[in-house]
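Notes follow the structure.
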Amino acid sequence: SSAMMEILQNLRSIVQTELLPPSGPADIKILGIPTEDKEDKAQRWKDYSNYYLTEVYKAFSNEVMDATGWALMLGSGFVRVYIDPITNMIKTPSIAPDTIYMNPGAKNLSEASRITYNYTISNKDLRMRMKSGFYREISLGYNDGEDDTDQNPLTERIEKISGKNEINYDYESSHSIYESQIDIDIENLSQRDLFGKKDGLPLPFIVTIETESRKILRMVRNWEKGDE
């Protein structure tokens, strides 16, 4: 109804004022005893963060407000913070709640043993991630964006320009991806107990799968070296 929409717009305005002030969204808080060195470092961190989020990555404010809209309408809103493997830029896209899956019984994200995010990626970006080494460079077995024909490239180009052939827009196609943060019991990586015996406890990994081919594109550990 119009009344509900008006309430949502008012709430969005309040949230926007709090989360996205004109001075920038980043702020600082020094834990412990403040020193001149800590204050200087914190101020530089704040200044650069606000510069990045307002001048470099200008999509940040829209992403935050998209996530806010989901939270106000459905009770949950998410943003995904990651480093883009192609541009090496930090990005924070908003995520629709219906693209996040958790294991049954999990009460929140911090207690979930499996968190899966389903997203789409263009064929071009998928191949670029393969070329950069971020994904495994493998054949998906059904459509990798390569032209299978043996036609002479010059003849093919002429026919496309003249309208005799239909242009292949496969590079614009997209792939559905499942990216899971999940605990996996891998035999040769199992933790050891106090007596040096393998206890078979699962370890946290991030596993990325292309959904149609069901092939693993990437699998990396989800813990820091040295973590107990």
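Nothing in this text is a laboratory measurement; each read-out follows from the coordinates by a stated rule. Note that the structure is predicted; figures quoted are calculated from it, not measured. No Cβ is skipped: glycine too gets one built from the backbone with ideal geometry, and neighbour counts run over all protein chains shown.
Can you list the trypsin sites (Lys or Arg not before Pro) in the stretch 1-100 that are in a DSSP coil and have 10 or fewer other beta carbons within 10 angstrom?
Working: sites: Arg12, Lys29, Lys38, Lys41, Arg44, Lys46, Lys58, Arg80, Lys91; in loops: Lys29, Lys58, Arg80.
Filter output for the stretch 1-100: Lys29, Lys58.
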Exercise for review: Obtain the nm distance between the two label points defined at Leu11 and Lys215 by a simple spin-label model: each point lies 7 Å from its Cα along the Cα-to-C-beta direction.
Suggested key: 4.5
Check your understanding: Once phi is turned into ³J(HN,Hα) by the Karplus curve 6.51 cos²θ - 1.76 cosθ + 1.60 with θ = phi - 60°, what whole-Hz value does each residue of the stretch 121-132 show in order, with x for glycine and proline?
Key -> 9, 5, 4, 5, 5, 4, 5, 5, 5, 5, 5, 7
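How far, in nm, would the chain grow between Asp185 and Ile206 when pulled straight, counting 0.36 nm per residue and subtracting the alpha carbon separation?
Details: separation 21, 0.36 × 21 = 7.56 nm, distance 1.30 nm.
Gain on extension, Asp185 to Ile206, equals 6.3 nm.
Hey, with R₀ at 41 Å, roughly what FRET efficiency would Ile138 and Ser61 work out to, going by the Cβ-Cβ distance, to 0.05?
On the way: r = 38 Å, r/R0 = 0.92.
Once the sixth-power term is evaluated, E becomes 0.65.
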Study note, to complete from the structure: The summed charge of the Met65 Cβ neighbourhood (under 14 Å; Lys/Arg +1, Asp/Glu -1) stands at -1
Check your understanding: Principal axis lengths of the stretch 4-72 from Cα atoms, whole Å, largest first?
Key -> 49, 27, 18
Practice item. Report, as a whole number in µm² per second, the diffusion coefficient that Stokes-Einstein gives for the stretch 54-127 at 20 °C and 1.002 mPa s using the Kirkwood radius over alpha carbon pairs. Key: 154
Check your understanding: Out of residues 5 or more away from Phe78 or on other chains, whose amide H comes under 5 Å of its own, with H placed 1.01 Å from N in the peptide plane?
Key -> Ile95
Review point. Taking the Cα-to-Cβ direction at Thr87 and at Tyr48 and moving 7 Å from each Cα, how far apart do the two end points lie in nm?
Key: 1.9
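Among the listed pairs Lys38/Lys58; Lys46/Lys91; Lys58/Lys131; Lys124/Lys215, give every one whose C-alpha distance is greater than 21 Å. Walk me through the numbers before you get to the answer.
Details: Lys38/Lys58 28 Å; Lys46/Lys91 17 Å; Lys58/Lys131 27 Å; Lys124/Lys215 18 Å.
Where the Cα-Cα span goes over 21 Å, the pairs concerned are Lys38/Lys58; Lys58/Lys131.
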